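Engineer: First, the structure itself, so that you have it in front of you.
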Amino acid sequence: MPSIDAPEAQSLFKRHFGRTPTHVSRAPGRLELLGNHTDYNDGLVMSLAVDRYIGFASSPRTDGRIELVSSAFAEGEVFLLDEIKSNPSARWADYVKGVLLQLRKRGVNFSGFSAAIHGTIPMGAGMSSSAALEVATALSVRRLYPFSLGATGAAATPPARDSRGELPPLAPEERLEIAKVCRAAENEFVGVKCGILDQISSLYGKAWSVIDIDCQSLKVEHAPMPGEAIIVCNSGVKHALVGGEYNELRENCESAAKKLGVRALRSVDLKQVEAGKSRLTRREYECARHVTGEIARVVAGARALREDDHRQFGQYMFQSHESSRDFLKNSTRELDILVELAREHPGCLGARLTGGGFGGATINLVSYHQAESFMHHMSRKYEERTGVKLTPIVCQIVDGAD
Ligand code: GLA
């Protein structure tokens, strides 16, 4: 019996394949708490793994085929391991296929499998359902066909199962390699030049804790999260990172860094950006200004959390939103309205857009005892302003994928 529970994925498997899955994996979504578009600039970012998951139930097959079904899409997908290519009518399967290709590239040996996928992470809300699918795929392949990954690829000897058929828990270094596999899948197969925030967050989550990621050294640390409520407000405007806006922001950041004579914007501060302004295009300047200010805010935010100053931390969240809106320009009218409405409520400590932007959701830090009233206020006012229904979600901070 699998030790992890993902009941909907397990029952979808039974319904579709007519038997019980042999393995189950589960990967959480994430919320970016502070640090917007800092990850691919080698910067700092704070995130949370939250209690919305992709469940992945699977069993091995001997015919070299991979058959995938998902509760979210009408189209399933079947393909041979040796013929992995994108299928325009089942684009969602690209996240799985990309991971399989990356694992193979690193020398991981595996054969076919059947899998059923069910997610509770809202899609297009900026909570990284795609990274969770990638991570769940990689961990499922590990359960089906055990492997150990190091910086140079798969180890010659795979890990042994114990008497209950369980594998040893993943070491932190191996979690990092899996995060890199998943990021590469998205960069190379899906075509989004994302950083490593989402994949690390899904793999390194810790209950009640903030994940502090240094994207230069790839050092991951945990700090206690203030006992306030984390509430997500989904604007209802889908964001599709596959649209070119995300890659365009990244290109502007990279060309700004180059013109300022550094490898990544992590290596410059606001003063240096101002001094080099005449060498940058307007967009490059705006992006560099946002990223350097945002990295400084993450440093200040971590200090505020250590000092238990939640109000101050919330102020940094508001400032982050303003910087994304005014400099990075990845906000939308709806996200701005959500932050404006949140600010009006006395229980709200901070609010900002979370994730890629161009739609998606805001993250709100709200005093526990005012959470109900905050959610009520947000739903009522947002519908009044936009005509769109809003159902805020309270998120619990959870452990990473297993
Ligand atoms: C998306 C990307 C991440 C990160 C955020 C913005 O979620 O996948 O790598 O860049 O946007 O911070």
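The values are calculated or read from the model by the stated rules, or taken from the named source; none is laboratory data. Only a predicted model underlies this, so the values are computations on that prediction, with no experimental measurement involved. Cβ placement follows ideal geometry from the backbone for every residue including glycine, while neighbour counts extend to all protein chains displayed. For the accessible areas, the whole protein counts, side chains as well, though only heavy atoms, and no ligand, DNA or RNA atoms are used. Shrake-Rupley method; radii C 1.70, N 1.55, O 1.52, S 1.80 Å.
Engineer: Count charges around Arg61 for me, please; just the other residues with Cβ under 13 Å from its Cβ, Lys/Arg as +1, Asp/Glu as -1.
Structural biologist: On the way: positive: Arg19, Arg65; negative: Asp63, Glu67.
It works out to a net charge of 0.
Engineer: Moving on. Which of these, Arg325, Arg266, Arg279, has the largest mean-square fluctuation under a Gaussian network model of the chain (Cα springs below 10 Å)?
Structural biologist: Answer for the Gaussian network model of the chain: Arg279.
Engineer: Here's something else I'd like to know. Please work out the average accessible area per residue across the chain, using the 1.4 Å probe convention, and give it in Å². Kindly include the intermediate steps, with their values, before the conclusion.
Structural biologist: Working: 16500 Å² over 402 residues.
For the chain, the solvent-accessible area averages 41 Å² per residue.
Engineer: Could you pull out every residue, at least 5 positions away or on a different chain, whose amide H is within less than 5 Å of the one on Met225? Hs are placed 1.01 Å off N in the peptide plane, and Pro or chain starts have none.
Structural biologist: Ser209, Val210
Engineer: Provide the descending list of Cα extents for the range 7-221 along its principal axes, expressed in whole angstroms.
Structural biologist: 45, 39, 32 Å, listed from the longest principal axis down.
Engineer: I'd like the orientation of helix 333-344 relative to the chain: the angle between its Cα long axis and the longest Cα principal axis, in ° from 0 to 90, rounded to 10.
Structural biologist: 70 degrees
Engineer: Ranked from highest to lowest mean number of other Cβ atoms within 10 Å per residue, what is the order of the peptides 214-221, 228-235?
Structural biologist: Details: 214-221: 14.5, 228-235: 23.2.
The most tightly packed comes first, giving 228-235, 214-221.
Engineer: In whole angstrom, note down how far apart the Cα centers of the range 269-312 and the range 14-78 are.
Structural biologist: Distance between centres, Cα-based: 33 Å.
Engineer: Still on this structure: On the Cα set of the chain, report Rg and Dmax in Å, please.
Structural biologist: Both quantities, over Cα of the chain: 21.1, 66 Å.
Engineer: Could you sort out which of Lys85/Lys219; Lys277/Lys329; Lys271/Lys329; Lys193/Lys258; Lys219/Lys277; Lys238/Lys259 sit more than 24 Å apart by Cα distance in this structure? Intermediate results must be reported in sequence, preceding the final value.
Structural biologist: Numbers: Lys85/Lys219 34 Å; Lys277/Lys329 18 Å; Lys271/Lys329 21 Å; Lys193/Lys258 18 Å; Lys219/Lys277 31 Å; Lys238/Lys259 34 Å.
Long pairs (Cα-Cα over 24 Å): Lys85/Lys219; Lys219/Lys277; Lys238/Lys259.
Engineer: To continue, here is another question. Sorting check: for 65-72, 121-128, which peptide has the highest mean count of neighbouring beta carbons within 10 Å, and how do the rest follow?
Structural biologist: Going by the mean number of other Cβ atoms within 10 Å, highest first, we get 121-128, 65-72.
Engineer: Calculate how steeply helix 94-105 sits against the longest principal axis of the alpha-carbon atoms of the chain, using the helix alpha-carbon long axis, and give the answer as 0 to 90 degrees to the nearest 10.
Structural biologist: 70 degrees
Engineer: How tilted is helix 129-144 with respect to the longest principal axis of the chain? Cα atoms for both, answer in degrees (0 to 90, nearest 10).
Structural biologist: 30 degrees
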